[in-house]
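Undergrad: Below are the structure tokens for one structure; questions will follow.
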Amino acid sequence: MKKNPKIICAVFGMFVLCTLGAAAHPLENKNAIGLRVLGGGSNYGGACVGGIQYERRFSEIISMKFDVFGYATPDKSYSENAAVSVSSEIDFKLYQARWGEHCGSRLFAYILGGYNGVSNVSYTDGNSDTYAAKWSSSLIGSAGVGMEFLLADHISIPIQIGFIGALIDNPCASMCGGIAMRYSW
């Protein structure tokens, strides 16, 4: 039996329209998960947080984000063979706008606190190989503003700018920027 491609396209189109119409507006979504990086640097050092991010909106105004990142490598050619980053961020909505049925944007201010740890490795060449590893810890703080773009009901792309600073082993302060790509529901 030969199937008519026009009928198949019409049925698929009706299914998509019904599915999108049944979904809530993206500004009403309460959860988001994805990947994010936020960092800044200078000639004297830098600070960075990011990784897998989960966001939970508690009210119309306030949301909380959590980031976790870590890696380890046994390769001796890297100067950093292990790192971990954990952070938490509070967002305060300043303004939001709907762009039709399935898109929107949100302007927000944020305050972030976190921890960043890096294992620095050094080697000496010569007759005897010397291996030295030192764990560097930093408390990270950041504040600034961001704009979140919500597309196709479930795609969330927040972009942030602000100031970031680190304390303890490698103190520094600088401007920072960040971006994320997340799925929201």
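Undergrad: Using a Förster distance of 25 angstrom, determine the FRET efficiency expected from the C-beta separation of ASN120 and VAL68, and round it to 0.05.
TA: Values: r = 21 Å, r/R0 = 0.85.
For ASN120 and VAL68, the calculated efficiency is 0.75.
Undergrad: Here is a further query. For TYR183 and SER137 in the same chain, what is the full-extension length gain: residue separation times 0.36 nm, less their Cα-Cα distance, in nm? It would help to have the intermediate numbers written out before the result.
TA: Working: separation 46, 0.36 × 46 = 16.56 nm, distance 3.11 nm.
Net length gain for the segment: 13.4 nm.
Where a number appears in this text, it was derived from the coordinates with a stated rule and is not lab data. Note that this is a predicted model, so its numbers are computed, not measured. Every residue, glycine among them, receives a Cβ derived from its backbone with ideal geometry; neighbour counts consider all protein chains shown.
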